[in-house]
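See below for the structure under consideration.
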Amino acid sequence: MTDFIQTEINNRILTVRINRPERKNALTHAMYTTLGDAIEQADSDADIRCVMFTGSDECFTAGNDLSDFASGLKGAFTETPVGRFLFLLANAAKPVVVAVNGPAVGIGTTMLLHCDMVFAGTNARFQMPFASLGLCPEGGSSLLLPSWIGRVRAAELLMLGDAFSADDAYRLGLINRVCAPHETETTAIGACQRLTMQPPAAIRATKKLLSRPTHEELTATMLTEGELFADRLKSPEAAEALGAFMQKRKPDFSRFK
């Protein structure tokens, strides 16, 4: 359990809030464990009909806490805190809604691919800078992004790692709506409330059917990505990227082949 992840059940909605503002809501192993626990709680509690992930009006999450991940990922990917969370999210039985404001970096963007509705503030900035950090895509993004937005657009976002706006995300079909930052969470809660009033078994069946066509391929892709991601964390390129980040300089990949 960590105070950096706050949970609350209200009107059959489990709200999961990332609350580590001093580090821009960067996610540690312990935080991933709590996020996974929240999904398990929702799936096992009949009184919970919907899950909402959110951060603050200024920030969703800056992604992985690089200092926490510098030591790598040990063991099978599905048994690591981040791997467990991703697979629980991908297989969640109940609808997941997200309110995004400010930075949504790395897994802050890829986790949204497994959620059912996403509402973003005009200040939201999405980014998947894995390659720029000497790493590789994760969370099934190498499968889901090309199938949703096309290969060339996915390649641009995953290879160049540039940030993109809420308007861009809406245009690409990655989010449901763009909101004023102070209205993002309210809008997401409104969607959650409507979901809780729907027939619960019908909603679960619909969610399962939506995921069914890609379920087996997605599982295999996430496992492959996770193993390669763990290897890339130990690579010289990742060490250079992490060192440059810590030293607040631009990384130099010119010596790598």
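Can PHE253 be described as in a helix (DSSP H, G or I) and closer than 25 Å to ALA62 by Cβ? Criteria not met by PHE253.
For every residue, the table says whether it meets (1) farther than 21 Å from LEU157 by Cα; (2) in a strand (DSSP E or B); (3) of a type in the set (Ser, Thr, Tyr).
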residue: ASP68; (1), (2), (3): yes, no, no
residue: SER71; (1), (2), (3): yes, no, yes
residue: LYS74; (1), (2), (3): yes, no, no
residue: VAL82; (1), (2), (3): yes, no, no
residue: ALA92; (1), (2), (3): yes, no, no
residue: MET111; (1), (2), (3): no, no, no
residue: PRO137; (1), (2), (3): no, no, no
residue: LEU145; (1), (2), (3): no, no, no
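Out of all the residues in the stretch 38-63, which are within 20 Å of ASN11 (Cα to Cα), part of a loop (DSSP other than H, G, I, E, B) and in contact (Cβ under 8 Å) with a residue 40 or more places away in the chain? Selection gives ILE48, ARG49, GLY55. Would you mind stating whether PRO95 is modelled with pLDDT of 95 or more, touching a His at 6+ places or on another chain (Cβ under 6 Å) and either on the phi < 0 side of the Ramachandran plot or of a type outside the set (D, E, K, R) (or both)? No. Residue under question is THR187, and the condition is that it be surrounded by 15 or more Cβ atoms within 10 Å (Cβ to Cβ), within 28 Å of GLY102 (Cβ to Cβ), modelled with pLDDT of 95 or more and of a type in the set (S, T, N, Q); does it hold? Spelling it out, THR187 is indeed surrounded by 15 or more Cβ atoms within 10 Å (Cβ to Cβ), within 28 Å of GLY102 (Cβ to Cβ), modelled with pLDDT of 95 or more and of a type in the set (S, T, N, Q). In the condition set (1) closer than 30 Å to GLU216 by Cα; (2) exposed (fewer than 13 other Cβ atoms within 10 Å of the Cβ), HIS182 is compliant with all but (1).
Quick grid of which residues meet (1) surrounded by fewer than 24 Cβ atoms within 10 Å (Cβ to Cβ); (2) closer than 13 Å to GLU185 by Cα; (3) modelled with pLDDT under 95:
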position	(1), (2), (3)
THR15	yes, yes, no
ASN19	yes, no, no
LYS24	yes, no, no
MET31	no, no, no
THR34	yes, no, no
GLU40	yes, no, no
SER44	yes, no, no
THR54	yes, yes, no
PHE60	no, yes, no
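The values are calculated or read from the model by the stated rules, or taken from the named source; none is laboratory data. A quick note: this is a predicted structure, and the numbers were derived from the prediction, not measured. When we count neighbours, we look across all protein chains shown, and the Cβ atoms used for this are built from the backbone with ideal geometry, even at glycine.
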